[in-house]
1. With each label point set 7 Å from Cα along the Cα-Cβ vector, what nm distance links residue 66 and residue 35?
2. How high is the FRET efficiency from residue 74 to residue 98, r the C-beta distance, R0 22 Å, rounded to 0.05?
3. Taking amide hydrogens as modeled 1.01 Å from N in the peptide plane, which residues meet the under 5 Å criterion relative to residue 34, leaving out close sequence neighbours?
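All of the numbers you see were taken from the coordinates with simple rules; none came from a lab. Since the structure is predicted, the reported quantities are computational estimates derived from the model, not experimental observations. Here the Cβ is made from the backbone with ideal geometry for all residues, glycine too, and neighbour counts use every protein chain on show.
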Amino acid sequence: MLCYASSSNYFNTCMFYLFSFEKKPIYQANAIVNTTSHSLDLKRGQVSNAILKAAGPDLQKECRDKYPEGIKRMEIAETSGHKLKCKYVFHLCLEPFVEERAAECIQVRCV
């Protein structure tokens, strides 16, 4: 299980996300935040693939249709939740992990 907490101006509230790799949902949320590659290939990465399996293939199709060139690092792609019990999935492409910079805080702007 993975827990992620974030303050978000998008919903003007503090959101907590709880994920489980089991099939049944733990809590319903307005959005899921997913880190992914710049190409938005949701079959890459365990979390992205789990989200894709739960949401269905239309999630990947929406990524391809809305972002045919993918996204740049530190950009956000917004999609609907499809079969997930949430309204949105925010896909984020992060900078590569550098251990020397691990203590730095990553800040992302939501428009």
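1. Going by the 7 Å Cα→Cβ label model, 2.1 nm.
2. Efficiency for this residue pair is about 0.95.
3. Here the answer is 90, 91, 92, since their amide H atoms fall under 5 Å of that of residue 34.
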